[in-house]
1. How many residues does region 277-297 contain that are out of contact with any strand residue (DSSP E or B) (no Cβ under 7 Å at 6 or more places or on another chain) and either assigned to a strand (DSSP E or B) or surrounded by 18 or more Cβ atoms within 10 Å (Cβ to Cβ) (or both)?
2. List, please: which pairs have Cβ atoms under 6 Å, are six or more places apart or on different chains, and start with a residue in region 244-271 that is aromatic (F, W, Y) and end with one that is at pLDDT 60 or above and assigned to a helix (DSSP H, G or I)?
3. Given S316, S300, S327, which one is modelled with pLDDT under 95 and either touching a Lys or Arg at 6+ places or on another chain (Cβ under 6 Å) or assigned to a loop (DSSP other than H, G, I, E, B) (or both)?
4. I'm trying to understand the selection: among the residues of region 335-361, which are out of contact with any strand residue (DSSP E or B) (no Cβ under 7 Å at 6 or more places or on another chain) and of a type in the set (F, W, Y)?
5. Suppose the filter is open to solvent by 30 Å² or more (accessible area, probe 1.4 Å) and closer than 23 Å to L349 by Cβ; does E99 pass it?
6. What are the residues in region 114-130 that are polar (S, T, N, Q) and surrounded by fewer than 24 Cβ atoms within 10 Å (Cβ to Cβ), if any?
7. Do you know which of the residues in region 397-432 that are within 27 Å of K266 (Cβ to Cβ) and of a type in the set (V, I, T) is surrounded by the fewest Cβ atoms within 10 Å (Cβ to Cβ)?
8. For region 13-31, which residues satisfy the criterion of being in contact with a strand residue (DSSP E or B) (Cβ under 7 Å, 6 or more places away or on another chain) and surrounded by 18 or more Cβ atoms within 10 Å (Cβ to Cβ)?
Amino acid sequence: MTSLIQKYNVPGPRYTSYPTVPYWEEDQFSYNDWIASLKTSFIQSNDNEGISLYIHLPFCESICTFCGCNKRITKNHEVENPYIDALLKEWELYCEILEVQPIIKEIHLGGGTPTFFSTNNLEKLIHGLLAKSKIAENHEFSFEGHPNNTTRNHLLRLYDLGFRRVSFGVQDYSPTVQKAIHREQSFHNVAKVTFWAKEIGYTSIGHDLIFGLPFQKINDVIDTIDKTKSLNPDRLAFYSYAHVPWIKGNGQRGFNDEDIPKDDEKRLLYEIGKNLLAKNNYYEIGMDHFALKSDSLFQSFVNGKLHRNFMGYSSSKTQVMIGLGVSSISDSWYSFAQNVKSIEEYYDLLAQRKLPITRGHLLNSEDLIIRKHILNLMCTFETSWSDSSMYLNEIPTIISQLKEMETDGFIKIYSDNIVITENGKPFIRNICMAFDLRLKRKIPNTQLFSMTI
């Protein structure tokens, strides 16, 4: 395994979308293209499945040096009101464009730190969104909570607004690691918010863990998972730390490169963590995600309905996802559109009654096929081209490139499909890269992505 890790540990995308953002053809995209694509997709899907909303809430009181999210660091909570007003103004513009009342299937509050906002402002936001829409019968509302500032009132008020899923950012319990990543929070705080959520009635409580953090040792991973199991969350994300300081700037320079576990050492952290999770009845669901059998994510995986988008893994699919807030990405299935990243520019464009879009991509027929293959691999660990609509002329070339991975025991190749083996699951990003024709046609001159392992 050691030589295989060294062989396959290369920069690669995480595939929250295809094409990945660096390969968007921005010069062939326009504001009007996005509106036309959105309206077409909305008409196709609204009555059948509803739409998803991702709300980006960018404010944090302090910086976490492992984080790559778009955020604004401030302790001034006067920023809350104007930002909520701007989000509702953006939603109003979308509702005018869509004309028909949207049916909301999913809402996810991400960040930044959503629980930076007061309960009154979060309630104002949700009431404002729902005032112009209907709620799907089987809706799923979720939010990300910081254990240090999520109050019982946050959990109660959001529960009353229809939220049933919450994820808490834990990362690692080691004081040394926490100090290095500037995310110091006690096990007591995590336990407190987890027990509150259980008591209130949340049906899916998640903890986000990370392996490969600076100064992280095997005993740290063991201790973190032991503590996590004692709280028995319904699902877990066990992410690989993405060290990309060329993108995130000085925020990831609070430690040196040599302080970060690499290659075999990092992979060992994952293998030990994964084995511990399996022993504690957490089943691997897609890439980096694990769930108890009772969780909706596991049930969706078993039923073949697991979906992946810019919000991560979801237990159901909607064709339309609208992103509100700075840097948010929207998806009509046929196109992507991303908002501006500057809060000031975001406010300025909304004041002009313009959607704050800065770039996007229109998917061509090849993109759509590859997108489906990568989604299949990410969500079901297999994909097929037995249906002619899933066939590409490049399939023979792709298969020839995958032969070495078959020899290494990562996949099984059949006449019209491939299946990822248990040994291949840690290398899923590498397997998806074989289908990524845009990446193969234009190898970047500089490193764009984190390492795959």
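The values are calculated or read from the model by the stated rules, or taken from the named source; none is laboratory data. Predicted model, so just to flag it, every value in this text is computed and none were measured. Backbone-built Cβ (ideal geometry, glycine too); neighbour counts: all protein chains shown. The accessibility values were calculated without ligands, DNA or RNA, using every heavy atom of the protein model including side chains. Shrake-Rupley method; radii C 1.70, N 1.55, O 1.52, S 1.80 Å.
1. Qualifying residue count for the region: 1.
2. Cβ pairs passing all conditions: F255/A180.
3. Working: S300 fails: either touching a Lys or Arg at 6+ places or on another chain (Cβ under 6 Å) or assigned to a loop (DSSP other than H, G, I, E, B) (or both); S327 fails: modelled with pLDDT under 95.
Within the list S316, S300, S327, the selection yields S316.
4. Let us first name the residues in region 335-361 that are out of contact with any strand residue (DSSP E or B) (no Cβ under 7 Å at 6 or more places or on another chain), namely 341-342, 344-345, 347-355.
Matches in region 335-361: Y347 only.
5. yes
6. The answer is S118, T119, N120, N121.
7. T407
8. Those that are in contact with a strand residue (DSSP E or B) (Cβ under 7 Å, 6 or more places away or on another chain) and surrounded by 18 or more Cβ atoms within 10 Å (Cβ to Cβ): S17, P19, W24, F29.
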